[in-house]
1. Pick out the one residue from 223, 170 that is surrounded by 15 or more Cβ atoms within 10 Å (Cβ to Cβ) and closer than 22 Å to residue 284 by Cα.
2. In the set 369, 389, 356, which member is surrounded by fewer than 20 Cβ atoms within 10 Å (Cβ to Cβ) and outside the structural domain of residue 124 (by TED's automatic domain parsing)?
3. Look through 65, 82 and report the one residue that is in a helix (DSSP H, G or I), more than 23 Å from residue 38 (Cα to Cα) and free of Cβ contacts under 8 Å to residues at least 60 places away in the same chain.
4. When you go through 180, 130, 118 one by one, which is the residue that is exposed (fewer than 15 other Cβ atoms within 10 Å of the Cβ) and at negative phi?
5. For segment 232-254, name all the residues that are within 20 Å of residue 289 (Cβ to Cβ), within 16 Å of the ligand (Cβ to nearest atom) and of a type outside the set (Asp, Glu).
6. All but one of (1) under 26 Å from residue 340 (Cβ atoms); (2) assigned to a helix (DSSP H, G or I) hold for residue 144; which doesn't?
7. Just wondering, is there one or more residues in segment 212-231 that are touching a strand residue (DSSP E or B) at 6+ places or on another chain (Cβ under 8 Å), part of a loop (DSSP other than H, G, I, E, B), within 14 Å of the ligand (Cβ to nearest atom) and touching a residue at least 40 places away in the same chain (Cβ under 8 Å)?
8. For segment 255-298, name all the residues that are away from the ligand (no atom under 16 Å from the Cβ), of a type in the set (S, T, N, Q) and within 20 Å of residue 323 (Cβ to Cβ).
Amino acid sequence: MKITNIETFIVDAGWRPWTFVKVETDEGITGWGECSDGRAPHGVVGTIADLQSTLIGQDPRAFEARFWDMWRALRQSPGGIAAKAMAGVECALVDIKAKALGISVAELFGGPTRNKIRLYWSHCGSSRVRHHELLGTPPIETWADITALGKEVVGRGFTALKTNVVMPGKAATWYSGFDRLMGANDEYIPNWLLGHLETLIGTFRDAVGPEFDINLDLNFHFKPEACMRIAQVLEPFNMHWLEIDRYDPDALLQIKQSTTTKICTGENLYYMHDYIPYFERHAADIFMIDVPWNGFSQSKKIGDLADVYQLNVAPHNYYSHLASCTSAALCAVLSNVRIMEIDIDDVPWKDELTTAVPEIKDGYMTIPAGPGWGADINEEVARAHPWNAATVGYSKSTPPPRSF
Ligand SMILES: [Mg+2]
């Protein structure tokens, strides 16, 4: 079997792009991979175009060999956009291999280790506060709206959620770690925002009850000193995790050791070598792995390595249904999984974009049966929703209502 063609699609997903890779073969089997990057999709698809000469004419079934071919081709630009490009291609190759054998990816990698995976409703309130009209959901204007949302999540069968630094009524979330703001890199927390977070998590806790799992994602928005203050203030709420992205494992360890609040990290790390310094220090309690950014085989290796350090992992998955299928497949080939992320509030064309949608019941997703990922991209829908970075995107988010 030979790779004959590689095509990419950047699809409008409302406020962010979804990026897909289609790999065709001379035997009529087509593979799909997702490698969505919120802010640099053109860099990712440009890199995939540059990989064509490395891949065309090669056997897609030897996906491990093809990964290292791509690695050597791009080794002078490790991680980041190059890794995402490689991951999208590798996921498509894994899909082809499983389809050629007539089995699911979970089966290809020795699974399933489970038939379903518990989900948490991600960007809970964060998507509605900024995009409720596009989503067709109630707005988030008051704390009572947060209470209603928490009760809705419970009513729809979920047992866990993740929110961000949501500001009801202001159409704003705190994205200082990504946005273009004066002084944003200071990354400290003013007292008013500390009190705001206490109210936000306290309101969710009152709405969902004591047994429900609540996560809060701080992303890159705060330096360790601010993270320690936040973790301490939130201790009474018995959170499932506080999520923090920092590229210094010692800083993470300092935060973890300062609080009883459990710490999750890892979504921006690549391959085992990035994780090892964090694993060796036990710098966090739970580690996220992003399949669309690492590829499937590398994600499996990271997950297995985490188990050596007695750590649980959780897929980082804020994408289309295709990525939910690849993330669920990862859960089904690992023995040490805590829970899986999924976006429930999303653009109206999300379900049409894939040939199958995740089966979700009582807050669990059924592991897709395959073949391959169990879902392909509907090309017509992808072409009908082209991404336009000039008119939409994270840069259009509303800045916080108060300066810092
Ligand atoms: Mg995160």
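The values are calculated or read from the model by the stated rules, or taken from the named source; none is laboratory data. This is a predicted model, so every value here is computed, not measured. Neighbour counts are summed over all protein chains in view; Cβ atoms, including those assigned to glycine, are modelled from backbone coordinates with ideal geometry.
1. Working: 170 fails: closer than 22 Å to residue 284 by Cα.
That would be 223, the only listed residue that is surrounded by 15 or more Cβ atoms within 10 Å (Cβ to Cβ) and closer than 22 Å to residue 284 by Cα.
2. Numbers: 369 fails: outside the structural domain of residue 124 (by TED's automatic domain parsing); 356 fails: outside the structural domain of residue 124 (by TED's automatic domain parsing).
The conditions single out 389.
3. 65
4. Values: 130 fails: exposed (fewer than 15 other Cβ atoms within 10 Å of the Cβ); 118 fails: exposed (fewer than 15 other Cβ atoms within 10 Å of the Cβ).
From the options 180, 130, 118, the qualifying one is 180.
5. Taking segment 232-254 and keeping what is within 20 Å of residue 289 (Cβ to Cβ), we get 240-249, 252-253.
So of that shortlist, the ones also within 16 Å of the ligand (Cβ to nearest atom) come out as 240-247, 252.
Of everything in segment 232-254, those that are within 20 Å of residue 289 (Cβ to Cβ), within 16 Å of the ligand (Cβ to nearest atom) and of a type outside the set (Asp, Glu) turn out to be 240, 241, 242, 244, 246, 247, 252.
6. Failing condition for residue 144: (1).
7. Within segment 212-231, one or more residues are touching a strand residue (DSSP E or B) at 6+ places or on another chain (Cβ under 8 Å), part of a loop (DSSP other than H, G, I, E, B), within 14 Å of the ligand (Cβ to nearest atom) and touching a residue at least 40 places away in the same chain (Cβ under 8 Å).
8. Those that are away from the ligand (no atom under 16 Å from the Cβ), of a type in the set (S, T, N, Q) and within 20 Å of residue 323 (Cβ to Cβ): 297, 298.
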